[in-house]
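S.K.: Here it is, the structure, as structure tokens.
The values are calculated or read from the model by the stated rules, or taken from the named source; none is laboratory data. The structure displayed is predicted, hence computed values, not measured ones. Neighbour counts run over all protein chains shown; Cβ positions are idealised from the backbone, glycine included. Accessible surface is based on the protein model in full, side chains and every heavy atom, while ligands, DNA and RNA are left aside. Shrake-Rupley method; radii C 1.70, N 1.55, O 1.52, S 1.80 Å.
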Amino acid sequence: MQQPIQIEDEIQFLDAKRVKIERNQSEELTVELPDGSTHAPVEPVRAFPLTHLTQYISLLDADQNEIGMIEDIKQLKKADRKVLEEELRKCYFMPKITKVHSLEGRFGVTHWEVDTSRGAAYFDLRSRFDIVSLEGGRVLIKDVDGNRYEIPNYHRLDANSVALLETQI
Amino acid sequence: MNSMGRGFSRRDVRRMAHSSGKRNSAKRLEEEMTILEQVPPDLQSRLKDVLSQQEEIKVAISTDLQFDGTYGKDWVLVTEKRLIAFNRNGAPTPEVQNIPLEDVESIEIRELHGNNIMKVRTQAGAVEVARYSKRFAPKFAEATPEIESLIDKVKPEALDESKRHRKYVASGKKIRCETCGSPIPRRSDVCPNCVEKGKLIFRLLKYALPFWRVSAPAVLIMMVVRLVDLYPAVLSKQLIDDIFVPATQAITNGQQPEPGAFGQLVLIVLLMVGVNVFTMVASAIRGYMMAWVGQNITLKLRNDAYQHLSVLSLDFYEQRDTGNLMSRITQDVGRLRDFISEGLQNIIGDSMALIYMCIIMFAINWQLALWALIPIPLLIFFTIFFGQKMHKVFHVLWKHYAGISTILASTIPGVRVVKAFTREKYEVGRFRNLTDLIFEGEMNAAKLWTVYHPIMRFIIFFGMIMIWLVGGRQILNDQLTIGGLTLFTNFMMRFFMPVQTLCRMNERFLRAATSAERVFEILDTPPSVADSKDAIDLPDIRGAVEFRDVVFSYDSEKNALNGINFTVKPGEMIGLVGHSGAGKSTLINLITRFYDPQHGEVFIDGHDTRDVKVSTLRKQIGVVLQDPFLFEGTVADNIGYGKPDATRKEIIAAAKAANAHDFIVKFPDGYDTKVGERGSRVSGGERQRISIARAILKNPRILILDEATSSVDTETESRIQEALGRLIQGRTVFAIAHRLSTLKHSNRLIILEEGKVDEIGTHEELIAKGGTYAGLCEKQMELSKIRAL
């Protein structure tokens, strides 16, 4: 009798030690796979962009086909890891809000002035639905233009910021 | 290092925000949103070294991000000769990239998460020149074709056509206001900043104008009622001052009260009763009058809106979702009625009441009147304060209730999945968590309610105390009568309601104005496909169709049809083949004139479709769609939809021709069966045949079959095919199908690709040609082999 498939067999992570990730002179990612094939430009995509930032990284080639998956960035060689992390930082821009200076709302639209891990910023939201609160005080915000911001745990912000935030979440 | 050097400091941002205020953040955006921004002086001086003389900056765009991933302003400048990028990379002075336009092979925009990167590709490789957040994406999208056209001037035809960027056009959904640039709240498409409240309300009142004979007296009655309403308080003042006080004084002095006193007492009490009866009757009459006016306005507005909606072209519907349009005709119109018949009247009435009270109080004793007004600011403050708190609490509650609905709406229909995966406990847990939150929220609301009223009462009590104290002292100093004091305390109790109404006045006006705008938008939109003034009736046609160099685009971004030419003889059946998005449905939309082409002409029997009346054209065209729409009503009603005067006999004949008769008579109610909304009680194949019967009965010269057999099983399909075979005889037919076998009756096939006619000819010709169609046929043959296995 045939055995049911083992789902673990369905996914083949790349052997991280035998992958080579570099940046070419066009500032694109080139990836050499263990089978010797090279691909460029390669776009790294997080499978869990909100929960597992350094794990399960899918590598897509120019036609958006997956050439392989990396289970954990930590498995990569140091130099490769640095290049991949750098590219991921470029591809995913989601500043962390560290302080809310002011938050003014009119008719559902709110204007925010904040400090973030990437500097001071301001943005507008069109409704409260653009704010998602997750477990552990984590808050994700998407502004009018499609930019995203994160608060890892809003309870840890200063009292003034918390008070302002709590009017919205 | 320059102040501009590090982009926005926090102070900058705050200064800009504060100096401008919210309303003007739009202005700030405007300055940054042009593609020829003001270049700061420090960069200009550096430019001198780079640019040759007479070189002119054509494009100057700033970013809001730097390459190190922090917020900051970098620049991309383009002249007619070169592209210059200033990037700071955390260094004090920006690094300059100088790329001659003649080296540029292409401009690329990388769309990433939360930011974009602009790259310039040259022979030597690609370089990143700008990184910016999504806020600036429209600006860069607008600048890119501009830069490309500058490159064209340096070396014509060099850029790869396929990599070229199209002119930027904002998507149909309004996110930011077109006039002021500030964001538009979700669930509304009206910018609250730009709503011209006054104008809209005035326009709304025009709808009330025809009923002025009723509404004007109603307003008058109300103003009188509000005044008369205060009379009992004045009467009780008289009662005390003119009767009770002299009487008690007389009694304490051992004398009899005046003999007429009792008569006066009865008179005043009767007056009080009379006043009350009067206000009651007058209010009832006024209420009825205003209800009449309100309902008349609703009637007119609702019918006008729906009538105009039916005139509007398809593009209007496509840009808006059904729920939105529905709520305009149901809710918004209702809200406007409430505003005219109640809201506005209450505002007028309550302001009048306040004014009357003030006049009376000041007339009696102006010093005490001033004291009496002290609690009003407090009332206003707490009403607004609690209003905001309440809003917050209720929003949270509302979100939780919505969560409960979501759980119920997914687990009740999905109960088989829940049980099959034994997740009952998990679902119950989720539900319980939410009900716990609701409990908490409701208790928070209760807390507010229970605090709110006592506080309001306390403020009023505080006002009373003040009146007792100040007024009492005046009584002792003989500056006030006891009746005067009771009148003041009485009025104090009456302040509360009008103050509350007036606090919410602005909100009410705005809500009404928004609703008015939404309704008036329907009324103000002209139909994009309208009969021209000298449109003629289309005579009975034979069914010849010609497309002459037709270009059509839904959004001016991409052409859906790009120069279509073909001629179809009467009675010919044409199969339309192509990938989704190739333009098949668009082509059909132009035949039925749901849209007009931007360029070129569509002829039917030699008549330009734009020169004939739309209704006479559509009367001669029949449509069978993939997912046919049946309306609420009986099967017979639906078959006769296109021919309201059809006899029963004709309906049965049409059903027979459509292979629908047999299953219809098996329904317990036969042709009288109600199909329910969207035909839910009738299966897909049955609906399809009913819709074919509908088309047969209409007997059109031109017939359109849009994927008419794609959603049914094989056996039903053969029956539908048979019915279609009968339907298409002697008519010009355009058939869209993905399964090529369904096009076997076609005389000719048109293969569309990216809005162009790729191939045209008979099945045999196209197979012999060995092009796109032959390829498609081969693929489908393989697929059907797999199915056969």
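S.K.: Return the ratio Rg/(2.2 N^0.38 Å) for region B:632-699, where Rg is computed over Cα atoms only. Mind dumping the intermediate values first?
M.R.: Details: Rg = 10.4 Å, N = 68, 2.2 N^0.38 = 10.9 Å.
Normalised Cα radius of gyration, region B:632-699: 0.95.
S.K.: What are the extents of the Cα atoms of region B:287-409 along their three principal axes, listed from largest to smallest and rounded to whole Å?
M.R.: 67, 40, 26
S.K.: Right, something else. Could you give the nm distance between label points at B:I407 and B:K569, where each point is 7 Å from its Cα heading toward the beta carbon?
M.R.: 6.9
S.K.: Working only with C-alpha atoms, what are the Rg and Dmax values of the protein assembly as shown, expressed in angstrom?
M.R.: Radius of gyration, then largest Cα-Cα span, for the protein assembly as shown: 37.3, 130 Å.
S.K.: For region B:80-159, report the % of Cα-Cα distances exceeding 19 Å. Can you show the working numbers first?
M.R.: Details: 1220 of 3160 pairs.
When all Cα pairs of region B:80-159 are counted, 39 percent exceed 19 Å.
S.K.: Still on this structure: Take the alpha-carbon positions of region B:345-475, form their convex hull, and give its projected area averaged over all directions (one quarter of the hull surface) in nm². All intermediate terms of the calculation are to be shown ahead of the outcome.
M.R.: Values: hull surface 44.0 nm².
Approximately 11.0 nm², given one-decimal rounding.
S.K.: Let me ask something else about it. Ratio to report: Rg/Rh of region B:650-789, with Cα atoms as the point set and Rh obtained by the Kirkwood method; give two decimals. Don't jump to the answer; show the numbers that get you there.
M.R.: Values: Rg = 17.3 Å, Rh = 16.8 Å.
Taking Rh as the inverse mean 1/r over Cα pairs, Rg/Rh reads 1.03.
S.K.: Based on the alpha-carbon set only, what is the convex hull volume of region B:515-569 divided per residue, in Å³? Intermediate results must be reported in sequence, preceding the final value.
M.R.: Details: hull volume 8.2 nm³, N = 55.
About 149 Å³ per residue, rounded to a whole number.
S.K.: Given 25 °C and 0.890 mPa s, how large is the Stokes-Einstein diffusion coefficient of region B:513-604 in µm²/s, with Rh as the Kirkwood radius over Cα pairs?
M.R.: 158
S.K.: Which entries in B:K58/B:K139; B:K48/B:K81; B:K48/B:K155; B:K134/B:K392; B:K619/B:K656 show an alpha-carbon gap greater than 18 Å?
M.R.: Working: B:K58/B:K139 14 Å; B:K48/B:K81 14 Å; B:K48/B:K155 25 Å; B:K134/B:K392 30 Å; B:K619/B:K656 22 Å.
Pairs exceeding 18 Å: B:K48/B:K155; B:K134/B:K392; B:K619/B:K656.
S.K.: Compute the angle between helix B:648-657 and the longest alpha-carbon principal axis of chain B, please, reported from 0 to 90 degrees and rounded to the nearest 10.
M.R.: 40
S.K.: Out of the DSSP beta bridges found with both residues in the protein assembly as shown, what percent are antiparallel (nearest 5)?
M.R.: Details: 89 of 111 bridges.
Antiparallel bridges make up about 80 percent of those DSSP assigns within the protein assembly as shown.
S.K.: Taking N as the number of residues in region B:400-475, what is its Cα Rg relative to 2.2 N^0.38 Å?
M.R.: Numbers: Rg = 25.0 Å, N = 76, 2.2 N^0.38 = 11.4 Å.
For region B:400-475, the normalised Cα radius of gyration is 2.19.
S.K.: How many square angstrom of accessible surface are buried between A and B, both sides summed, with a 1.4 Å probe and rounding to 100?
M.R.: So the total buried area for this chain pair works out to about 4300 Å².
S.K.: What are the extents of the Cα atoms of region B:243-354 along their three principal axes, in Å, largest first?
M.R.: 92, 21, 18
S.K.: Let me ask something else about it. Give, to the nearest whole percent, the P(r) tail of region B:749-788 beyond 16 angstrom, counting all Cα pairs.
M.R.: Numbers: 301 of 780 pairs.
That fraction is 39 percent.
S.K.: Another question, then. Sum up the charges of everything whose Cβ sits under 10 Å from the Cβ of B:G583, counting Lys and Arg as +1 and Asp and Glu as -1, but leave B:G583 out. Before the final figure, lay out the partial values.
M.R.: Values: positive: B:K584, B:K756; negative: B:E753, B:E754.
Cβ neighbours under 10 Å give a net charge of 0.
S.K.: To the nearest 0.05, how large is the calculated FRET efficiency for B:Y554 and B:F362 if R₀ is 60 Å and r is the Cβ-Cβ distance? Walk me through the numbers before you get to the answer.
M.R.: Numbers: r = 66 Å, r/R0 = 1.09.
Plugging the Cβ-Cβ distance into 1/(1 + (r/R0)^6) gives 0.35.
S.K.: Give or take rounding to whole Å, what are the principal axis extents of the alpha carbon atoms in region A:97-166, in descending order?
M.R.: 28, 24, 22
S.K.: Can I ask one more? Please work out the Cα convex hull volume for region A:1-71 and give it in Å³ per residue.
M.R.: Working: hull volume 8.8 nm³, N = 71.
Taking the convex hull of the Cα positions in region A:1-71, it is 124 Å³ per residue.
S.K.: Right, something else. Two-decimal Rg/Rh of chain B from alpha-carbon positions, Kirkwood Rh? Intermediate results must be reported in sequence, preceding the final value.
M.R.: Details: Rg = 37.7 Å, Rh = 34.6 Å.
Answer for chain B: 1.09.
S.K.: To one decimal place, what orientation-averaged projected area in nm² is obtained for the convex hull of the Cα set of chain A? Before the final figure, lay out the partial values.
M.R.: Working: hull surface 56.4 nm².
One quarter of the hull surface, i.e. the mean projection, equals 14.1 nm².
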